[in-house]
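Report on the following structure.
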Amino acid sequence: MSNSMYKYLFGPIPSRRLGMSLGLDLVPKKVCSIDCVYCEVGKTTELSINREDYIKLEDIKAELTHYFENNPSPDYVTITASGEPTLNIHLNEILEFIKENKNGIPVALITNGTLLYDPKVREAIMLTDLVLPSLDAATEKVFRKINRPHKDLDFGNYIQGLIDFGKEYKGKMWLEVFILPGYNDSEHELAELKKLILKIQPTSVQINTLDRPGTVPNLRGATSEELEKVKDFWQMDNVEIIAKPKKNKIVQSYRKDTDSAILETVVRRPCTVEDLTEMLGTPACEIQASLQKLEAEGKIEKMEQERGSFYQIKGR
Ligand code: SF4
C-alpha cells in the first residue's frame, strides 16, 4: 500500500479548527441524502437514505492501520465523505476500531444531520468527540430549495433528530449554518433559525458560506459584511464566522508526495493554487510545478471561474 494513494484516507490537512486533520472518506462520490445547491463535491448522483455497506470494513481498517503504523498521529481524525458519512452502515465499527487502536486521537464527524432522526444513527456516533451537523433552513420551503432532500426525508423529523441528538450527546456539537444570500438570509428565516438553534443547543454555531464553485450557476457566497449582519441579528454568544480562514505563512511541507496529495484533494473538490498551498502546506511554486505536470499527463484540468482558476480531476 505504501506506494499507492490511499483510497479512503486523505491529508492530513492543516485546519484552523482541528489542527492537523486526517480525513476519512466513508461513502463513494456522490451518495447523499440531500443535494445541496452549494455542494462542493458536485451533484448528488445517488440520492439515498439507506445505510449500506458502501466500503468494505476490512479495507478501511487496513488503511487506518497502515497510516497509524507509518505516520505521526494527527490531531484529529475527521470522518467526512464525498457525500453523507452516516450512510455508511459500518460507522460505529469504524469508530470502535479507531478508539481501540488510537485511543488518544479525537474523532470528528462532519454530517448533514438529516439521518439523526434514526436512533440507530445517533447511537452509532456516540464514540465521536465532536460532531459538526448542518442546519441551513428553518422552514420546509427553504430546506427544499437549498438542500433538495430525498423524497422520504421529513423536515420535522430531521429537526427533531438534531434536538434529540443535542440532548443525548456528551461530546461537542458545532452546528454549521451555510448562509446563501437570497435563500436563507431573510429576517423571517433568520429569526426562525435562531429559535431552532436555541432548541438544539449546540456547543457553538459556525457561520459559513460558499467559497468554491457549486452545482448551481450564479449562486453567490455572502460577503463578510453580510455574515457579520447575521451574527449581529442573532445576538447569541456562541456564534462564530468560519468562512475563509486567514492565510498562514507556511514553512515546511506536510507531505513529500505532492502529486498524490493534490490528486487526493482535487478529487474531492475543485481547488485553486492558493487553496492547495494552504491545505497541503506546500510552497506555491511546488504546487504549480505539480499541477503543470498533472495537467500535461491528462490527470487534471483547469476550469476558469469568476474567482480564478480551479483545478479538478479531468472529466469530472
Ligand atoms: S450534505 Fe454535504 S455532500 Fe451532501 S449535498 Fe450537501 S454539501 Fe454535498
Vicinal HN-Hα couplings computed from phi for the range 89-105 (Karplus, 6.51 cos²θ - 1.76 cosθ + 1.60; Hz; Gly/Pro x): 5, 8, 3, 5, 5, 5, 4, 4, 4, 5, 5, 5, 8, 9, 4, x, 8
Okay, helix-only estimate at 222 nm for the chain: each DSSP H run of n ≥ 4 adds -39500 (n - 2.57), divide by all residues, round to 500 deg cm²/dmol; what do you get? -10500 deg cm²/dmol
Could you state the accessible area per residue of the chain in Å², with a 1.4 Å probe and every protein chain left in place? 47
Among the aspartates and glutamates, select those whose C-alpha is under 16 Å from the C-alpha of Lys293, and discard any that sit fewer than 8 residues away in the same chain. Asp257, Asp259, Glu264, Glu301
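Starting from the Kirkwood radius over alpha-carbon pairs of the range 78-151, derive D by Stokes-Einstein at 10 °C in a medium of 1.306 mPa s and give it in µm² s⁻¹.
Rounded, D is 119 µm²/s.
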So for the range 15-141, using the alpha carbon gyration tensor with a ≥ b ≥ c as root eigenvalues (a/c under 1.5 gives rounded; past that, a/b versus b/c decides prolate or oblate), I'd call it prolate
Of Lys99/Lys170; Lys56/Lys170; Lys151/Lys229; Lys145/Lys231; Lys61/Lys151, which sit over 26 Å apart, Cα to Cα? Lys56/Lys170; Lys151/Lys229; Lys61/Lys151
When the charge dipole of the chain is computed with +1 at the Cβ of Lys and Arg and -1 at the Cβ of Asp and Glu, the Cα pointing farthest to the positive end, of Leu135, Leu291, Val107, is that of Leu291
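Taking R0 as 41 Å, what's the FRET efficiency between Lys120 and Val273 from their Cβ-Cβ distance, rounded to 0.05?
0.45
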With the crude spin-label approximation of a point 7 Å out along Cα→Cβ, what separation in nm comes out for Lys199 versus Glu100? 3.9
A correct Karplus calculation of ³J(HN,Hα) over the range 34-39, with 6.51 cos²θ - 1.76 cosθ + 1.60, θ = phi - 60°, whole Hz and x for Gly and Pro, returns 9, 9, 4, 5, 9, 4
Could you state how much accessible area Cys285 has, in square angstrom rounded to the nearest 10, with a 1.4 Å probe and all protein chains kept in place? 100
All aspartates and glutamates inside 18 Å of Lys194 as judged from Cα atoms, apart from same-chain residues fewer than 8 positions distant: Asp136, Glu140, Asp164, Glu176, Asp185, Glu226, Glu228, Asp232, Asp237, Glu240
Extension gain Ser260-Arg16, at 0.36 nm per residue separation less the Cα-Cα distance, in nm? 85.6 nm
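Sort the range 259-311 into rounded, prolate or oblate with this rule: let a ≥ b ≥ c be the square roots of the eigenvalues of the Cα gyration tensor; rounded if a/c is under 1.5, and if a/c is not under 1.5, prolate when a/b is larger than b/c, oblate otherwise.
Cα axes put the range 259-311 in the rounded bin.
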If the chain between Asn218 and Lys170 were fully stretched, how many nm would it gain, using 0.36 nm times the residue separation less the Cα-Cα distance? 13.2 nm
Over the chain, what percent of the accessible surface lies on carbon and sulfur atoms, probe 1.4 Å? 49
For the range 9-246, what size does the Cα cloud have along each of its three principal axes, sorted from largest down, in whole Å? 51, 39, 37
DSSP beta bridges in the chain: the antiparallel percent, rounded to 5, is 30
Under 5 Å between amide hydrogens, which residues at least 5 positions from Asp35 or on another chain qualify, with H placed 1.01 Å from N in the peptide plane? Arg148
Per 0.36 nm of contour for each residue apart, how much would the distance between Glu93 and Met236 grow if the chain were fully extended, relative to their Cα-Cα spacing? 47.8 nm
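The values are calculated or read from the model by the stated rules, or taken from the named source; none is laboratory data. None of the values given here were measured: they were computed from a predicted structure. Counting neighbours? That spans all protein chains shown, and the Cβs are built from the backbone with ideal geometry, glycine included. For the accessible areas, the whole protein counts, side chains as well, though only heavy atoms, and no ligand, DNA or RNA atoms are used. Shrake-Rupley method; radii C 1.70, N 1.55, O 1.52, S 1.80 Å.
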